[in-house]
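Values in this text are rule-based calculations from the coordinates and carry no lab data. Since the model is a prediction, treat every value here as computed from it, not as a measurement. Note: ideal-geometry Cβ built from the backbone for every residue, glycine included; neighbour counts use all protein chains shown.
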Amino acid sequence: MNKRERYKRVVKFSSAAVILFIEIFMYGVIWTRHFNKIIRFPYWRRGNWLILVMYAVWLIFFLRTYGGLRIGYLKRGNLIYSNILSIVFVNVIAYFQLALIDKKFHNPSMFLMLTGADILAIIIWVFVFQWIYSILFPPRSLLVIYGEKPVFHILEKINSRDDKYVIGGAVNIDKGIDRIMKIVPDYEGVIIGDIPSHERNLILKRCFADGVRTYMAPKISDILIRSSEELNLFDTTLILSRNLGPQIDQEIVKRALDILIGSIMCICTLPLFILISACIKLEDGGSIFYRQKRLTKGGRIFDILKFRTMREDAEKDGIARLSDKGDERITKVGRILRATRLDELPQLINILHGEMSLVGPRPERPEIAAEYEKEMPEFAYRLKMKAGLTGYAQIYGKYNTTPYDKLKLDLTYIRNYSIFLDLKLIIMTPKVLFLKESTEGIESGAITAAHADSAALKEEVYGKMQDLETRFNIK
């Protein structure tokens, strides 16, 4: 174990304290030396402190929500983006707060200058502290333990974060647990792949006993268990899995939020509706909206509304397929709409009609869902809640996330549902709107994301993992 590991929390806390101090200090200077001198009724010492505390509370709230303080966790670009998004929201709130205090709108130039200075400070801070973090805590060397089903999706994702992890070796579970545990101390962590539950549990216990860090992708049963309730009515702890879905009071509040927020969003985005409609019509003269059959709660089918982003004859062959990278069917206006997620705006009408919710599992096409369910019947579990415009899988996944991973993300939402979780996901949605990886298409030629699980690809990655065994002389 790296001896510096004990100080990781201290480094992260110190880095967060630095950027918070810089941003709050700059706002404090502008407030006390400019705005507090031009408002009709200036504040004195305690009043000024209260203004700074309110600014700090909003700043910490948005930074924690968007992950802006997660040095060493998010990639550099994501970290900068999260911080900029947070400071923009906070400064907008501070501007309107000033307008309420002085009962008039002031020239926003000072806030624009403050935001520019904040962005410069953020970029410098991210580069400096990410560099310090990378020196103190270099990438971990991990051992992959795999079985008949190689964890190729996890392998690809681990390799994409070479700033945090390095695949140092791979070993098949057939080698035996005792032999595997003898080589585990040569690595800084273990990735437990999709192996039988009995062997997985034994390895997990042995790693816990030896203080070895373990990573594993949860099975569906794991998600159901960890989201269950602990009962201590007896001297033996029981785990209760209710499996009923939201309570009636939660459904009433959720529907009220859908109507309230959906109505406000419809009014605020009306100019966008008009502008986008005109652009679509001018490009090819075709229809503005696109209707498609989708599934919602209980397997009910409804017509989802979108701004049309593809040619009118995009699926003239009758085959349902997701868009791939460089899809020629997408129009010029459509590419912009997809990149900004504005093609989803008409679904506000579906929400007001009660066919969808603001937050929930993404509605799937019946024919594609049927294909998924052939391989994993559990995919139907997503229909325990009403389909949503945004959701857990949309925030933490991507457009090309595999169906199995989307299912696990949606189940995590369903099993941990609360009104506060809905509000958190709504606030987090702006962050993913402009992230390119969130709208990335599937590989060219695939009809659905499930094709990523092809036998050929499994065989290829399985061979690569065996090569790792040979390279590191794992016997």
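Listing for the model above:
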quantity	calculated
Listed peptides 284-291, 184-191, 416-423, 80-87 by packing density, highest first (mean Cβ within 10 Å)	80-87, 184-191, 416-423, 284-291
Taking K164, K219, K104, K431 and counting other C-beta atoms within 10 Å, the order from fewest to most	K104, K219, K164, K431
Spin-label model distance (nm) - R9 vs L238, 7 Å beyond Cα toward Cβ	3.5 nm
Flagged links, alpha-carbon separation over 19 Å, of K281/K332; K374/K408; K103/K424; K12/K431	K103/K424; K12/K431
Sparsely packed trypsin sites (Lys or Arg not before Pro) within the stretch 1-64, loop by DSSP, other Cβ within 10 Å at most 15	R40
Gain in span if fully extended, S109 to Y215, counting 0.36 nm per residue against the direct Cα distance	33.3 nm
Sorted by Cβ density within 10 Å, fewest first, the residues T237, T331, T340, T296	T237, T340, T331, T296
Leading residue at positive end of dipole, the chain (Cβ point charges), from Y95, F41, Y165	F41
Global form of the stretch 59-113, assessed from the alpha-carbon gyration tensor, a/c cut-off 1.5	prolate
Under the span-like rule (Cα at least 27 Å along the axis, Kyte-Doolittle mean at least 0.5), DSSP H helices of the chain	8-30, 45-66, 76-102, 109-136, 248-268
Rounded FRET efficiency, nearest 0.05, which uses the C-beta distance separating M54 from E251 and R0 of 51 Å	0.90
Neighbourhood net charge (14 Å Cβ-Cβ; Lys/Arg +1, Asp/Glu -1) for T331	+1
Size-normalised alpha-carbon gyration radius of the chain, reference 2.2 N^0.38 Å	1.12
Backbone N under 17 Å from the I336 label point (7 Å along Cα→Cβ), restricted to the stretch 254-292	270-286, 288-289
